[in-house]
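Asks: Before we start, here is the structure in question, set down as structure tokens.
No lab work stands behind these numbers, since they all come straight from the coordinates. These figures come from a predicted structure and were not determined experimentally. All Cβ positions, glycine included, derive from the backbone under ideal geometry; neighbour counts span all protein chains shown.
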Amino acid sequence: MGTNLQKYPYSWKRLLINLIFGVMWMTIGVSYIFTEAKLEWNAYVTIFIGTLYLATFLYEYIQKYVVITADKIVIGTFPALKVDINEIQNIELRPKSIQITTTTNSVTIEISKIDKTQQPKIKYFFQTLKSGSTKF
């Protein structure tokens, strides 16, 4: 197992949208609590939606979208998808995604979900991996 580790975070735009929507829905839900004498279901629903957005923000902020080690690739979806580098049979580089095919499954990495500053780096990594060079 190698010590090289590459982490590709979610885009800041995606993170900020989840944070803003989470705070917005939570604010609306809390305002229902303070303005309504009798709480209706909409207060609980808006707080729940806000909590989901904030939980998504925290998960995506902490758990990077793609983590590459010397022997595996982990895609930080829920649940996380793991691909053994030795099992990769085909890598298809598309304009908006990277399709990885193994003996057991197929995984797609959406380029738009990755931070814009990291997109050229991950494309270069998969180009070198596809050409047969797995150096970091």
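Asks: In square nanometres, what is the average projected area of the Cα convex hull of the stretch 76-136?
Replies: Approximately 4.3 nm², given one-decimal rounding.
Asks: Among (i) 14.0, 47; (ii) 19.4, 67; (iii) 17.4, 53, which one is Rg and Dmax of the Cα atoms in Å computed from these coordinates?
Replies: Given (i) 14.0, 47; (ii) 19.4, 67; (iii) 17.4, 53, the calculated one carries the label (ii).
Asks: Another question, then. Can you grab the distance from the C-alpha centre of the stretch 49-98 to the C-alpha centre of the stretch 7-37, Å, no decimals?
Replies: For the stretch 49-98 versus the stretch 7-37, the Cα centre distance is 23 Å.
Asks: Select from the chain the helices, each a whole stretch of DSSP H, whose alpha-carbon atoms run 27 Å or more along the helix axis and whose Kyte-Doolittle mean is at least 0.0; answer none if there are none.
Replies: Those that clear 27 Å and a mean of 0.0 are 12-35, 41-62.
Asks: Still on this structure, I have one more. Under 21 Å from the Cα of residue 82, which lysines turn up, not counting those fewer than eight places away in the same chain?
Replies: Straight-distance partners of residue 82: 7, 64, 72, 96, 113, 121, 123, 130, 135.
Asks: With a point put 7 Å past each Cα toward its Cβ, work out how far residue 78 is from residue 116 in nm, to one decimal.
Replies: 2.7
Asks: If I model a spin label as a point 7 Å beyond the Cα along the Cα-Cβ vector, how far apart are those points for residue 38 and residue 23 in nm?
Replies: According to this spin-label approximation, the distance is 3.5 nm.
Asks: Taking every pair of alpha-carbon atoms in the stretch 1-64, what share in percent sits in each 5 Å bin, from 0 to the bin with the longest distance?
Replies: Going out from 0 Å in 5 Å bins, the stretch 1-64 shows 4, 19, 20, 15, 12, 10, 8, 5, 3, 2, 1, 1, 0 percent.
Asks: With only Lys, Arg, Asp and Glu charged, each at its Cβ (+1 for the first two, -1 for the last two), find how big the charge dipole of the chain is about the Cα centre; round to the nearest 20 debye.
Replies: Using Cβ point charges on Lys, Arg, Asp and Glu, the chain gives about 520 debye.
Asks: Continuing with the same structure: Which of the aspartates and glutamates could a cross-linker bridge to residue 13, judged by Cα under 18 Å and excluding same-chain residues fewer than eight apart?
Replies: 60, 110, 115
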